[in-house]
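K.L.:
One structure, pasted below without further comment.
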Amino acid sequence: MIQVGDVLAAVEGAEVVRRNAEQFGRASVDTRDITGGELFVAIGGPSRDGHDFAAAAVRAGATGVLVSRVVPELLELGVTVVRVPDTLVALQEAAAVARSRSSASVIAVTGSAGKTTAKTLIAQVLQSKFDILANKASFNNHLGVPLTLTAIEPGQSQVISEIGTNHPGEIGHLTGLVSPNVSVVTNVGFAHLGNFASQQELANEKTDIFNHTRPGGTWIVNGDDELLTRTTLGRPGAAAATVVRVGFDEGNDLRAVDVTVDEHGTQGVIEVDGQRLPFSIGAAGRHFGYAAMLAVAVGRVYGIAPAESIEALRGVQPPAGRASLRRIDDELLMIDDSYNGSPDAMIGSLDLLASLPGTVKVAVLGQMGELGQFSEELHSRVGHKAASSVTHLITVGAAAAPLRERAAAEGLTSIGSADSAQEALAQVKSILEGSDEHAVVLAKGSRAVHMERVYLGLAGHQVVCALTTCPLYINCADCPKLTTG
């Protein structure tokens, strides 16, 4: 919930041009997201100005608008109009005020990979006992984080907020808005490394979340990540915080052992508080064990016994496009891991591909973005992993050439390249048509490459896109410009 008073308290120069409703269920920046009772925030931009859509938002049900310039039509629509110098800054600052009014405890989640999965499993545990709010989809940036904070309702006792970054300073800024009681870091890998001078700088950025966690709070980290653990324990507030480490290695506070993966999910045992507790989740992949342990660790903070948390996780499914196992037919299993692609996540997906039964193992790997000067090295590292994990490799995009070259240098012979996911799909079909063996196909890459088209095509959909160059960051299956049949 966000109030007019939140904006006036937070933003210097804020002015109520027209007053009607005093509070709103949440803020929104998208007319398609309006259901009734929202504060529409008109975000300006070089190609799309939200002020042009403010009246449409009101007609859709918004009862207030936040603008930096008043569109005359708004004054005739009978809704609250608040003018501020900068609507994005105002949204963020008002969201921080809304969070401060709430008595909810906030859990912030960041990391190079696995944030959304960890958030999903944490929510699964907490909602078994409490009325909670978790950010929608991957609302983890300069817009998504404050939008989530404005949606906190009075009865909700926990809020889970992802915190993302691709430039130095973003973690600190966004976590400052959230002011978490519990902070979780999944890992420090290589995602967005091109915008940082080194992996240590990236570790410093990720663990900056702890500098903005409330004093005496709980810090939960992947204890198998040596760089993350070392950097976390070196933070000034570490001695006063409760630091919890999870992982597969000895010495962690929560440890997963005897973990196995099959088509139906991930099973194993979590050792915690002197207990050995069997767990089973519907998501397949050893890396999902970390997410499960993080969720159990957060549950402990709020008095949920580990055995109860594990029961709440039983059968949980991964978010769409994140290592989703999809049976196409008796001979073909698809790993749809197309949501995005970073070096660490790709290596985890190749581990999953290698672990599943099948004679033919096809990896369709799209190029990875935002790696800067490290791009060639990190693509090559994934190529090294692919050489020992697959029978067939297809890369998509020019930047993936080092991946392909490294795999070839290490002995992999069936290698192809494509300029698009559609071209890669045709190559996959050719491989499968020439084989009557059990096959597993993995599709993964940066969001811009739209690797989900491989899954859609294998599942029998004809993918027809109206755009020759796609600037959208959404899954093709959810795109109104895409036709599938």
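K.L.:
In whole angstrom, note down how far apart the Cα centers of the stretch 1-21 and the stretch 173-195 are.
P.N.:
Answer, in whole Å: 30.
K.L.:
While we're looking at this one, here's another question. Report for the chain the percent antiparallel among DSSP-assigned beta bridges with both residues inside it, nearest 5. The partial results should precede the final answer.
P.N.:
On the way: 26 of 78 bridges.
Of those bridges, close to 35 percent are antiparallel.
K.L.:
Would you please give the residues with an amide H less than 5 Å from that of Ala443, counting only those at least 5 places away or on a separate chain, with H modeled from the backbone geometry?
P.N.:
Ile335, Asp337, Val364
K.L.:
Among Val106, Val454, Val71, rank each residue by its count of other Cβ atoms within 10 Å, from fewest to most, as a rough exposure measure.
P.N.:
Details: Val106 24, Val454 30, Val71 16.
Fewest-to-most ranking of Val106, Val454, Val71: Val71, Val106, Val454.
K.L.:
Going through the stretch 242-339, which trypsin sites (Lys or Arg not before Pro) have at most 15 other Cβ atoms within 10 Å and a DSSP loop state? Intermediate values should be presented prior to the final figure.
P.N.:
On the way: sites: Arg245, Arg255, Arg276, Arg286, Arg300, Arg314, Arg322, Arg326, Arg327; in loops: Arg286, Arg314, Arg322.
Counting only loop positions with at most 15 other Cβ atoms within 10 Å, the trypsin sites (Lys or Arg not before Pro) in the stretch 242-339 are Arg314.
K.L.:
In whole Hz and in residue order, list the ³J(HN,Hα) couplings for the stretch 8-15 that follow from phi through the Karplus curve 6.51 cos²θ - 1.76 cosθ + 1.60, θ = phi - 60°; x for Gly and Pro.
P.N.:
5, 6, 9, 10, 5, x, 5, 9
K.L.:
Hey, another quick one. I'd like the GluC sites (Glu not before Pro) in the stretch 1-107 restricted to DSSP loop residues with at most 13 other Cβ atoms within 10 Å, sorted by number. If you can, show how the numbers build up before the last one.
P.N.:
Numbers: sites: Glu12, Glu15, Glu22, Glu38, Glu73, Glu76, Glu93; in loops: Glu12, Glu22, Glu38, Glu76.
Of the GluC sites (Glu not before Pro), the ones in loops of the stretch 1-107 whose Cβ has at most 13 other Cβ atoms within 10 Å are Glu12, Glu22, Glu76.
K.L.:
Still on this structure, please answer the following. Just tell me, in residue order, which DSSP H segments of the chain are both 15 angstrom or longer along the helix axis (alpha-carbon based) and at least -0.5 in mean Kyte-Doolittle hydropathy.
P.N.:
Details: long enough: 87-101 (21 Å, 0.50); 115-126 (16 Å, 0.54); 199-211 (18 Å, -1.25); 288-301 (20 Å, 1.55); 343-355 (18 Å, 0.83); 375-387 (18 Å, -0.94); 421-433 (18 Å, 0.23).
Long hydrophobic helices here: 87-101, 115-126, 288-301, 343-355, 421-433.
K.L.:
Using a Cα distance threshold of under 27 Å, what count of lysine pairs results for the chain when pairs must be 8 or more residues apart or interchain?
P.N.:
For the chain, the number of qualifying lysine pairs is 22.
K.L.:
Also, I was wondering about something else. Can you give the calculated 222 nm mean residue ellipticity of the chain, where each DSSP H run of n ≥ 4 adds -39,500 (n - 2.57) and the sum is split over every residue, rounded to the nearest 500 deg cm²/dmol? All intermediate terms of the calculation are to be shown ahead of the outcome.
P.N.:
Values: 16 runs with 159 residues, N = 485.
Counting only the DSSP helices, I get -9500 deg cm²/dmol.
K.L.:
Now for a separate question. Given H placed 1.01 Å from N in the peptide plane, which residues other than close sequence neighbours of Glu410 have an amide H under 5 Å from its amide H?
P.N.:
Correct list: empty.
K.L.:
What Rg and what Dmax come out for the stretch 1-90 when only alpha-carbon atoms are used, in angstroms?
P.N.:
Spelled out, the Cα radius of gyration and Dmax of the stretch 1-90 are 11.4, 31 Å.
K.L.:
Considering the Cα positions of the chain, please state its Rg to one decimal place and its Dmax as a whole number of Å.
P.N.:
Computed over the Cα atoms of the chain, radius of gyration and Dmax are 23.3, 71 Å.
K.L.:
Under the rule of at least 5 residues apart or a separate chain, name every residue whose amide H is placed under 5 Å from the amide H of Arg26.
P.N.:
Ile2, Leu39
Readers should treat all values here as calculations from the given coordinates under stated rules, not as data from a laboratory. Please read these numbers as outputs of a predicted model, since none were measured by experiment. Positions of Cβ are generated from backbone atoms using ideal geometry, with glycine treated the same way; all protein chains shown enter the neighbour counts.
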